[in-house]
């Protein structure tokens with residue numbers, strides 16, 4: 001997809017049949033379909049300022065949830081509080097390094113990196129400092145996008161509550177609520193953010209490698 005700022009037109013190649021489609025007068029409420037195969041060609045995301053504030057909210061919740069108690073378990077008079085931080089520490093102490101690495105990457109490192117990348121891109125747009133580096137950041141965002149699985153940990157917490165309920169006294173900590181709020185805000189911001197909207201803010205000389213930004217949401221099934 002390429003953007004011609006002088007004519008206010010976006011040219012986008014259909015991922016299915018290869019037809020070049022010219023899009024102008026873009027509307028956020030309209031899905032643009034290929035005239036040949038009727039597959040989705042382009043869909044604008046939400047305004048960057050909305051995504052920015054939601055991403056900041058997610059980032060604050062992220063830092064808050066790391067040390068907040070997820071669960072408090074009491075067995076035979078012994079009570080232990082579980083959080084993300086001490087949970088990872090316990091996995092490392094018990095030699096479960098692979099589990100600790102996978103958990104750390106999918107629940108902590110990748111969501112954090114995605115938030116930081118999104119915020120950096122939107123700040124660049126806001127201060128009108130779009131450069132080739134912005135497109136490299138978006139390319140990295142694209143690569144790590146599918147590795148994010150933060151919601152899996154939430155499912156694990158629910159399973160743990162169900163299995164341990166008959167064996168111990170379990171108290172759900174505020175960390176679980178914070179984590180739930182983080183998951184909701186994070187995935188809404190992911191859905192709202194269309195990286196290809198960057199072309200609406202850059203000049204042609206800044207969009208030298210538009211083929212690097214053919215993101216998943218532009219490859220939908222035929223309608």
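Considering only residues that are crowded, with 16+ Cβ neighbours inside 10 Å and touching a residue at least 12 places away in the same chain (Cβ under 8 Å), which ones fall in region 121-135?
If the condition is that a residue be crowded, with 16+ Cβ neighbours inside 10 Å and touching a residue at least 12 places away in the same chain (Cβ under 8 Å), then 121, 122, 125, 130, 134, 135 are the ones that fit.
Restricting attention to region 145-155, does a residue exist that is touching a helix residue (DSSP H, G or I) at 6+ places or on another chain (Cβ under 6 Å) and at pLDDT 80 or above?
Scanning region 145-155, I find at least one residue that is touching a helix residue (DSSP H, G or I) at 6+ places or on another chain (Cβ under 6 Å) and at pLDDT 80 or above, so the answer is yes.
Take the residues in region 97-106 that are out of contact with any helix residue (DSSP H, G or I) (no Cβ under 8 Å at 6 or more places or on another chain) and surrounded by 14 or more Cβ atoms within 10 Å (Cβ to Cβ); name whichever of them is nearest to residue 179 (Cα to Cα).
Among those residues, the one meeting the criterion is 105.
For the condition more than 15 Å from residue 59 (Cα to Cα) and free of Cβ contacts under 8 Å to residues at least 40 places away in the same chain, what is the one hit in 170, 162?
162
So, of the residues in region 9-44 that are touching a helix residue (DSSP H, G or I) at 6+ places or on another chain (Cβ under 9 Å) and part of a loop (DSSP other than H, G, I, E, B), which turns out to be modelled with the lowest pLDDT?
Selected residue: 26.
Can you report the number of residues in region 75-94 which are surrounded by 10 or more Cβ atoms within 10 Å (Cβ to Cβ) and in a strand (DSSP E or B)?
Counting residues in region 75-94 that are surrounded by 10 or more Cβ atoms within 10 Å (Cβ to Cβ) and in a strand (DSSP E or B) gives 5.
Would you list the helices (runs of 4 or more DSSP H) that sit entirely within region 95-191 and hold 2 or more residues that are farther than 24 Å from residue 68 by Cβ?
Output list reads 97-103, 110-126, 132-145.
The values are calculated or read from the model by the stated rules, or taken from the named source; none is laboratory data. If you're wondering where the values come from, they're calculated on a predicted model, not measured in any experiment. Neighbour counts run over all protein chains shown; Cβ positions are idealised from the backbone, glycine included.
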